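This report refers to the structure that appears directly beneath it.
The values are calculated or read from the model by the stated rules, or taken from the named source; none is laboratory data. Quick caveat, the model's predicted, so the values are computed rather than measured. Heads up, the Cβs are rebuilt from the backbone with ideal geometry, glycines too, and the neighbour counts pull from every protein chain shown. Ligands, DNA and RNA are stripped out before the accessible areas are found, and what is left, the full protein with its side chains, is counted by its heavy atoms. Shrake-Rupley method; radii C 1.70, N 1.55, O 1.52, S 1.80 Å.
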Amino acid sequence: MSAEIFVSAFHRLGWDTSMAQRGAAGYSSVRSWRNSQTGQVAAAGAAAMAVPGAHAVAMVGDVAFLLHKMSVCAWGIGFKMGATVDGEDDLAVILALWADALEPDALSVTSAGAAASAGFIAFNVAYPTYGTAVMAKALALGAGSGVSVVGGKIVGKKGAKAAAKLSKPFINKIAQKAAVKFSAVLGSKAVTGFVPVLGALAGAGINAFFVSKFADAAESYYRHKLAAGG
């Protein structure tokens, strides 16, 4: 999977978190919600790889389903933990954590306080959500997007007014690492898919592992978000 394909898939996901909210409400804990989601993707992975030789076509739908379930699982974790869930902003940062493409310091942003017009502060600039503040800080620390730190302020062509559009440059920045992770898994599934039984087992295991690791990243993200007042 190329970085371009990953970026395209990300932007096609849609950002309606209501499905995750409704789904997670039926579970008693974060753990039980996670288990339900990994079970679903494992079953889908096994089904997609069940017929040797035909798995290559089925994998296209399997990947789309996997991306969808990763997002729903992550948002559901946020709801179960009692955090405010901001669909696109949260998912972008969780993807970066999962792909090991985020500076650890980027998660350390502070609440602007109840009297402020925006919710969170990064480098003395206020942003409307925790996710946008983290993305702004990550882009500044990485100095890879035309955003830089000067005198404690974030500056760029549009400055802080670009907060609502931060996910696009941020996703572009982390896309290569995320695509590499997906490619490694897809390669394994493509090979094992030609082996009867083993292909189905591998498909189930790989999907479950994927979502489990993504859920770990989501829990870490929402713990930091809650600590920052989100």
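Results, tabulated for the structure shown:
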{"item": "Residue that is nearest to E103 (Cα to Cα), among those in the stretch 190-227 that are modelled with pLDDT of 80 or more and of a type in the set (F, W, Y)", "result": "Y221"}
{"item": "Those residues of the stretch 6-24 which are surrounded by fewer than 16 Cβ atoms within 10 Å (Cβ to Cβ) and over 18 Å from A96 (Cβ atoms), in sequence order", "result": "R12, G14, D16, S18, M19, R22"}
{"item": "Unmet requirement for K80, which otherwise passes all of (1) in a helix (DSSP H, G or I); (2) closer than 24 Å to S32 by Cα; (3) in contact (Cβ under 8 Å) with a residue 60 or more places away in the chain", "result": "(3)"}
{"item": "Looking only at the stretch 113-137, and only at residues there that are part of a loop (DSSP other than H, G, I, E, B) and at pLDDT 70 or above, the one that is surrounded by the fewest Cβ atoms within 10 Å (Cβ to Cβ)", "result": "N124"}
{"item": "Residue satisfying condition, being under 17 Å from the mean Cα position of the chain (by Cα), open to solvent by 30 Å² or more (accessible area, probe 1.4 Å) and modelled with pLDDT of 80 or more, within set D90, D86", "result": "D86"}
